[in-house]
Every structure is written in structure tokens, then in C-alpha cells.
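J.: Sharing a structure with you now.
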Amino acid sequence: MIMKGKKGLIVGLANNKSIAYGIAEACAREGAQMAFTYLNDALKKRVEPIAQEFGSQHVYELDVSNEEHMAGIADVIAKDFGTIDFLVHSVAFAPKEALSEPFMKTTKDAFDIAMNVSVYSLIDLTNRLECVLAQDASILTLSYLGGPKFIPNYNVMGVAKAALESTVRYMAAELGAKGQRVNAISAGPIRTLAAAGIGDFKQILTWNECNAPLRRNVSIEQVGNSAMYLLSDLASGVTGEIHYVDSGYNIMGMAAVEKNAEDKTVLAWDNRND
């Protein structure tokens with residue numbers, strides 16, 4: 001098994017529809033041992049059974065904006081695992097109004113919250129875990145096309161994802177001297193708890209399905225398999241990358257076109273089966 005003997009921490013798993021669940025599933029299948037975090041008591045009830053599903057009893061409360069939680073995370077990891085070989089950062093948040101209101105109406109407080117939780121937490125968490133990260137540890141975070149490109153209704157989260165992708169590159173350059181790798185996966189749209197806060201998300205799903213080269217959306221299992229590769233020794237020469245798992249949608253410069261029954265060129269969007 002590709003990850004036999006590897007130990008890791010999955011931060012930000014919410015339920016079995018989460019991308020983090022797909023990552024954990026792929027890593028567990030390949031022999032990894034994992035610990036998991038939960039944000040609050042409401043999510044604890046969901047995360048504990050998932051951890052048990054993957055053979056783990058190690059579940060920790062971790063709100064990345066809570067100093068007490070962050071200060072103690074390395075100690076519990078050291079106690080339960082000694083060191084870990086990989087870290088998955090699946091954390092992002094912006095206040096609801098920052099996603100529903102026009103981007104130019106974003107308040108400073110909302111901007112600060114989005115950047116702190118979605119971006120700085122990756123830096124902070126990696127620093128806090130420095131003493132328990134193996135020399136060849138792999139760190140992975142999750143991005144989205146709304147960082148480098150405009151996506152309707154993504155608003156301040158797009159700015160946060162752009163900052164996150166830049167952070168990956170700067171972290172990779174510094175941690176590479178220690179032998180540690182940092183990468184991100186930019187997944188296509190998937191129905192997750194986090195996606196529920198994005199307006200017209202159903203339209204985004206349909207548009208991606210119609211216009212991606214593979215003419216389909218991706219699943220958490222597909223993202224999980226790619227993440228497992230980046231976390232494993234198979235990707236030992238890969239760092240600082242933003243790896244797209246979106247059925248190829250990111251390469252498109254315009255909407256896809258097809259021929260209809262009358263041999264007329266139409267948008268793939270208009271030729272879809274409703």
C-alpha cells in the first residue's frame with residue numbers, strides 16, 4: 001500500500017460529503033493512520049464516527065481562530081503519534097454577508113475573518129506543528145478556480161483563495177530547504193457544506209459540467225485520489241503546485257461548442273439534456 005506507515009492530521013473535515021472525507025478515504029485505503037479535528041460540538045458528532053470508520057480514535061477540537069486550541073495541537077499530536085508525515089488543511093470561512101452582498105460591499109471585519117481563517121491558518125498551523133512534522137512531511141491545502149479567475153458570488157473567498165495559492169508557493173520555497181513539501185488542489189465545484197453558502201451554486205455545477213473537457217463534474221473520491229498522490233512519496237519531487245482536479249475546466253478560454261441535430265453550432269450549455 002502506497003501510504004503504509006504514514007501518519008497524518010486531517011483538519012477541517014465536516015461530514016462524509018466533504019472533500020476532506022474523500023482525501024481521508026483514499027489515504028486510509030492506502031494504509032495511512034490519521035487523526036482528525038472538529039470545529040465544535042455540533043460537528044464532533046459527525047466527525048467521531050468518521051474517524052472510527054477509518055480506524056482512528058484520535059479526534060481533537062480545533063478552531064483555528066482559538067488560541068487555546070492552536071497552542072495545544074502539537075502536544076496532543078506528539079502524545080498520540082510522535083511525529084506525522086502529512087497535514088491536510090481543509091479550512092475556509094467568510095461571513096455569510098460577504099458572499100451574498102456585492103464584493104465591493106465587503107467589510108474590513110469580514111475581509112479579516114476570511115483571510116485569517118482561510119489563509120493565515122495554514123501558516124499558523126504549520127508553524128505550530130513544526131516540532132511534530134517529519135523532515136519529509138507533505139502539506140496540502142484546498143483551493144478553487146475563484147482565486148485566479150472571477151467566479152460569480154465567490155467574492156471575498158476568491159481573494160482569500162488567491163492569497164492561499166500564493167502562500168503555498170512562498171511556504172514551499174522556505175520549507176523545501178528542510179525537505180518538506182507544500183501543494184494545493186484546486187477542485188472543481190462539488191456539493192459540500194461549504195459550497196452551500198455560494199449563491200447560484202447549482203448553475204455553477206451545470207455550467208462546469210457542460211463546458212469542462214470531460215463533460216462532467218468531479219467527485220470527492222477523484223479529488224481524494226489526487227490528494228493521496230500529493231501526500232505520498234509518489235509526489236516526492238512535487239512542491240509549490242496548484243493541482244487542478246476539475247475535469248479540465250480550468251483550461252477553457254470560452255464556452256464549449258457542439259453541433260446540434262440541425263448541424264448548427266451551439267453552446268454546449270444550450271445542448272445539454274435537462
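The values are calculated or read from the model by the stated rules, or taken from the named source; none is laboratory data. Since the structure is predicted, the reported quantities are computational estimates derived from the model, not experimental observations. No Cβ is skipped: glycine too gets one built from the backbone with ideal geometry, and neighbour counts run over all protein chains shown.
J.: Mind listing just one residue for me: the one in region 220-258 that is outside any loop (DSSP other than H, G, I, E, B) and of a type in the set (Ser, Thr, Tyr) and, of those, farthest from the chain's Cα centre (by Cα)?
T.: Tyr249
J.: State which residue pairs qualify: first residue surrounded by fewer than 16 Cβ atoms within 10 Å (Cβ to Cβ) and inside region 102-120, second residue part of a loop (DSSP other than H, G, I, E, B) in any location, beta carbons under 7 Å apart, and separation of 6 or more residues or different chains.
T.: Pairs found: Phe103/Asn155; Asn116/Ser65.
J.: Given Val64, Val132, which one is within 18 Å of the chain's Cα centre (by Cα), of a type in the set (A, V, I, L, M, F, W, C) and under 28 Å from Ile242 (Cβ atoms)?
T.: After ruling out the rest, the residue left standing is Val64.
J.: For region 73-100, which residues satisfy the criterion of being surrounded by fewer than 17 Cβ atoms within 10 Å (Cβ to Cβ), more than 21 Å from Ala28 (Cβ to Cβ) and either in contact with a helix residue (DSSP H, G or I) (Cβ under 9 Å, 6 or more places away or on another chain) or basic (Lys, Arg) (or both)?
T.: Lys79, Lys96, Glu97, Ser100
J.: Can you pull out the residues in region 31-41 that are without any contact (Cβ under 8 Å) to a residue 24 or more places away in the chain and either crowded, with 17+ Cβ neighbours inside 10 Å or farther than 16 Å from Val91 by Cβ (or both)?
T.: Hit for region 31-41 is Asp41, nothing else.
J.: Still on this structure, please answer the following. Could you list all residues from region 1-39 that are under 18 Å from Thr126 (Cβ atoms) and among the polar types (S, T, N, Q)?
T.: Within region 1-39, Thr37 is the sole residue that qualifies.
J.: Residue under question is Ser236, and the condition is that it be surrounded by fewer than 20 Cβ atoms within 10 Å (Cβ to Cβ), modelled with pLDDT of 95 or more and out of contact with any Phe, Trp or Tyr (no Cβ under 6 Å at 6 or more places or on another chain); does it hold?
T.: yes
J.: Still on this model: How many residues, within region 158-199, are within 15 Å of the chain's Cα centre (by Cα), aliphatic (A, V, I, L, M) and modelled with pLDDT of 95 or more?
T.: Total meeting the criteria: 9.
J.: Determine whether region 16-30 contains at least one residue that is surrounded by fewer than 18 Cβ atoms within 10 Å (Cβ to Cβ) and small (Gly, Ala, Ser).
T.: no
J.: Report whether or not Gly8 is modelled with pLDDT of 95 or more, buried (at least 20 other Cβ atoms within 10 Å of the Cβ) and not hydrophobic (A, V, I, L, M, F, W, C).
T.: yes
J.: Just to be sure I understand, how many residues within region 153-190 are touching a Phe, Trp or Tyr at 6+ places or on another chain (Cβ under 6 Å) and in a strand (DSSP E or B)?
T.: Of the residues in region 153-190, 1 are touching a Phe, Trp or Tyr at 6+ places or on another chain (Cβ under 6 Å) and in a strand (DSSP E or B).
J.: Continuing with this model, one more query. Being touching a Phe, Trp or Tyr at 6+ places or on another chain (Cβ under 9 Å) and either among the small types (Gly, Ala, Ser) or farther than 29 Å from Asn250 by Cβ (or both) is the filter here; which residues of region 114-132 pass it?
T.: Ala114, Ser118, Val132
J.: Another one. Pull up region 200-219, narrow it to residues that are in a loop (DSSP other than H, G, I, E, B) and either among the hydroxyl-bearing types (Ser, Thr, Tyr) or at pLDDT below 90 (or both), then point me to the one that is surrounded by the most Cβ atoms within 10 Å (Cβ to Cβ).
T.: The qualifying residue surrounded by the most Cβ atoms within 10 Å (Cβ to Cβ) is Ser219.
J.: Do we find a residue being acidic (Asp, Glu) and surrounded by 18 or more Cβ atoms within 10 Å (Cβ to Cβ) anywhere in region 125-144?
T.: So far as region 125-144 goes, no, none of its residues is acidic (Asp, Glu) and surrounded by 18 or more Cβ atoms within 10 Å (Cβ to Cβ).
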